Ligand code: BGC
């Protein structure tokens, strides 16, 4: 006798055979025509859940009811279910027991790796190495897909100018040009060349749009972005992601023009789905539909469901708004069923694109899971990008690289920490799986003596809790100071614990947390040969260190291979090449601070106070965007610019004049000197990462077209205005040589 389950499977297999030869759009239309209203709404519904022995147990809500919903096909995707066994068992329920057997999407925040962790995204962005960044996302996808996950809520492409916001660790920094290139690289890495392969996953660009402008850097705070900034700064990385075929977009907790982004028709329907012709689907952020009522935009969950769906939000994450209210809203005529059809078609299309209908279990192979997670190839790639992410901020007395004769002390709680370097967002990884700095030194056989110096945090680190930072206990100071007296060089590892940045971790003070600044100053009194190794998830304010400490190495949170990467740089095995993707302020009071600002009407210093400045701080940053040193020196030649029919070509020669071979990131900026809309004093429009042997010279050439020279009006119209432009090239956004050109017209 044919069981019900087998019969359903047989029917869906027959359907699949019939569907072969049809285009994806035809397949979607065909399937949609068979669906009831409830089943359609089900596709727009996501549940957060974990498998338990007795069955699928959503974290919140009534488990039994949700199980019934799975069986009825009233769930389109599941969040946070990982592991081949778990995924398979839930997929089986839907495929075998629901009427149409439409497979689920399994989404997770695969932000910078799964079990093998790459550096946090901000750190990776400091590499400006698009191939390495793409490869890092590729490996994240390979590992995640081997555990059943087929959809990531990454990349976060929010541009941010506010390091108080803990989530800057998750993005590409402050610049829309670099941010767009990185968005593209990450989407390509996750999605690969073939979405139907079993090792590629659908990507999500988030948070649409303007979430990086959370007021005062406070997480979940309101946002205020004018249209000019929206089009020119916030949107370009999303547009780049859409052009790279990103499969989904997540909306945001913020506001746009006084309307929650989740309910903004202009953002989702007009710009994203209209102007950009985005073909994927929009997922809400966690409970962002429900929160529209808390914002004071809707009366209740029902009105929130109505407004979100009409505005173009296709899937509901954790508001339960769609499953509860969409049917009623359609039946009473408040929502047209076409709106539902459109949303469902988009979701089904992504499922077809992934090949889920051909094989719903394609990501569920336990052998793959075992072979791929944390394998040695992935460790090598993680080490490669970790080295490239390190930024040398200062090396005045050439303490770095260290030499074999140096007597070395390593001091700092973070130097011996195997969890903190993993950083925030480390869903599939285990505690204590990062290589610590001490282990990195051990591996290279470099002798050292170690003292902790002080404790950074009190108690155990919990992902869900605020960390308790030690602000008064100086136990360990004495031993560290005594050790410092006895050595040639001190490697002092200080900074933020990995959980001090990330979602929900906004800070008002960006100095070294706890008693670390005091430790630094105490050690400096007895031995100033300090190599300060910073570990942090955001730009910090370190004016004292920048003034007194001779050597500073920014190492962020570098992931699994952290200690190996740091040891390779400190010993000179790898010559640091990273450049800051975000400005380092002198003080929190300067924030927002970013390089591509507008000129004010009172820019020049005056003998009186009536010019644009602070009376207690300089205007300039501590370290500018694009900044980073090398163990060698690069000499920049004269810039040659020619205007051609296709645009502008700018070239120059760069020579390695120092003692080491190494990489340099050559940066090109433009300034549209006069325009109908005021343009920034500098805008990055090109960069090249080149490798030069000791003494080698290379020619670098940039081509600029209309695409680089124009801007968006506040109405979203792309415009190029003829006239004078400055073309600037140099090693960072501060040290630039300029050539002025005049473009007579744009064809
Ligand atoms: C975050 C999103 C994330 C989602 C699911 C939200 O709180 O803002 O970026 O993807 O949770 O974990």
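Nothing in this text is a laboratory measurement; each read-out follows from the coordinates by a stated rule. Note that this is a predicted model, so its numbers are computed, not measured. Positions of Cβ are backbone-derived with ideal geometry, glycine not excepted, and every protein chain shown enters the neighbour counts.
Using the count of nearby Cβ atoms within 10 Å as a rough guide to exposure, how do 24, 242 rank from fewest to most? Working shown, then result.
Working: 24 16, 242 22.
Ascending number of Cβ neighbours within 10 Å: 24, 242.
When DSSP assigns beta bridges and you keep just the ones with both residues in the range 377-532, what percent turn out antiparallel, to the nearest 5? List each step's numbers first, then the result.
Working: 2 of 12 bridges.
Around 15 percent of the beta bridges assigned by DSSP in the range 377-532 are antiparallel ones.
Could you list the square roots of 5 times each eigenvalue of the Cα gyration tensor of the range 74-144, that is, the equivalent ellipsoid semi-axes, sorted largest first and rounded to whole Å? Display every interim value, and only then the final one.
On the way: eigenvalues 214, 23, 17 Å².
So the equivalent ellipsoid measures 33, 11, 9 Å along its semi-axes.
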- Message: Using Cα-Cα distances under 8 Å and only pairs 6 or more residues apart, what relative contact order does the range 255-318 have, in percent?
- Response: 46 percent
- Query: Taking the DSSP beta bridges in the chain as the whole, what percent of them are antiparallel, to the nearest 5?
  - Reply: 60 percent
- Item | Alpha-carbon spread of the range 210-296, three principal axes, descending order, Å | 32, 26, 19
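Mind giving me the FRET efficiency for residue 642 and residue 468? R0 is 45 Å, r the Cβ-Cβ distance, nearest 0.05 is fine. Walk me through the numbers on the way to the answer.
Details: r = 60 Å, r/R0 = 1.34.
Rounded to the nearest 0.05, the efficiency is 0.15.
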- Message: Helix 130-145 against the longest principal axis of the chain: what's the angle in degrees, Cα atoms only, rounded to the nearest 10?
- Response: 40 degrees
- Message: Please compute the modelled spin-label separation between residue 673 and residue 89, points set 7 Å along Cα→Cβ, answer in nm with one decimal.
- Response: 7.0 nm
- Modelled label-to-label distance, residue 68 and residue 701, 7 Å Cα→beta-carbon offset: nm? 7.0 nm
- Message: Between helix 24-34 and the chain, what is the angle of the helix's C-alpha long axis to the longest principal axis, kept within 0 to 90° and rounded to the nearest 10?
- Response: 40 degrees
- With everything on Cα atoms, drop me the angle between helix 337-353 and the longest principal axis of the chain, reported from 0 to 90° to the nearest 10. 60 degrees
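Taking 22 Å as R0, compute the FRET efficiency from the Cβ-Cβ separation of residue 257 and residue 336 and round it to 0.05.
On the way: r = 25 Å, r/R0 = 1.12.
Here the calculated transfer efficiency is 0.35.
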- Query: Just the Cα atoms of the chain, one point each, no solvent: what log10 I(q)/I(0) does Debye give at q = 0.05, 0.06, 0.09 Å⁻¹?
  - Reply: -0.26, -0.38, -0.84
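Using 0.36 nm times the number of residues separating residue 439 and residue 26, minus their current alpha carbon distance, what extension gain do you get? Kindly include the intermediate steps, with their values, before the conclusion.
Details: separation 413, 0.36 × 413 = 148.68 nm, distance 5.64 nm.
The span from residue 439 to residue 26 would gain 143.0 nm if fully extended.
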- Message: I'd like the distance between the alpha-carbon centres of the range 529-585 and the range 190-207, rounded to an integer number of Å.
- Response: 32 Å
- Query: Per the helix-only calculation at 222 nm, which mean residue ellipticity applies to the chain, given -39500 (n - 2.57) for every DSSP H run of n ≥ 4 and division by its residues, nearest 500 deg cm²/dmol?
  - Reply: -8500 deg cm²/dmol
- Query: Relative to a virtual label point 7 Å from the Cα of residue 222 in the Cα→beta-carbon direction, which members of the range 250-268 show backbone nitrogen distances below 15 Å?
  - Reply: 253-261
- Query: What is the extension gain from residue 659 to residue 713, computed as 0.36 nm multiplied by their sequence separation minus the C-alpha to C-alpha distance, in nm to one decimal?
  - Reply: 14.6 nm
- Message: If I model a spin label at residue 517 and residue 403 as a point 7 Å from the Cα along the Cα→Cβ vector, what separation in nanometres do I get?
- Response: 3.6 nm
- Note on the structure: Check: C-alpha center the range 256-320 vs C-alpha center the range 362-428, spacing in Å is 39 Å
- Query: Which stretch or stretches of the range 286-312 have amide N atoms under 15 Å from the point lying 7 Å from residue 270's Cα along the Cα→Cβ direction?
  - Reply: 311-312
- Task: Could you please state, rounded to a whole Å, how far the C-alpha centre of the range 100-163 is from the C-alpha centre of the range 485-521?
- Result: 27 Å
- Item | At R0 = 25 Å, FRET efficiency that the Cβ-Cβ distance of residue 742 and residue 598 yields, to 0.05 | 0.70
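Just rank 74, 276, fewest to most, by other beta-carbon atoms within 10 angstrom. It would help to have the intermediate numbers written out before the result.
Values: 74 23, 276 16.
Fewest-to-most Cβ neighbours within 10 Å comes out as 276, 74.
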- What percent antiparallel are the DSSP beta bridges of the range 27-179, to the nearest 5? 40 percent
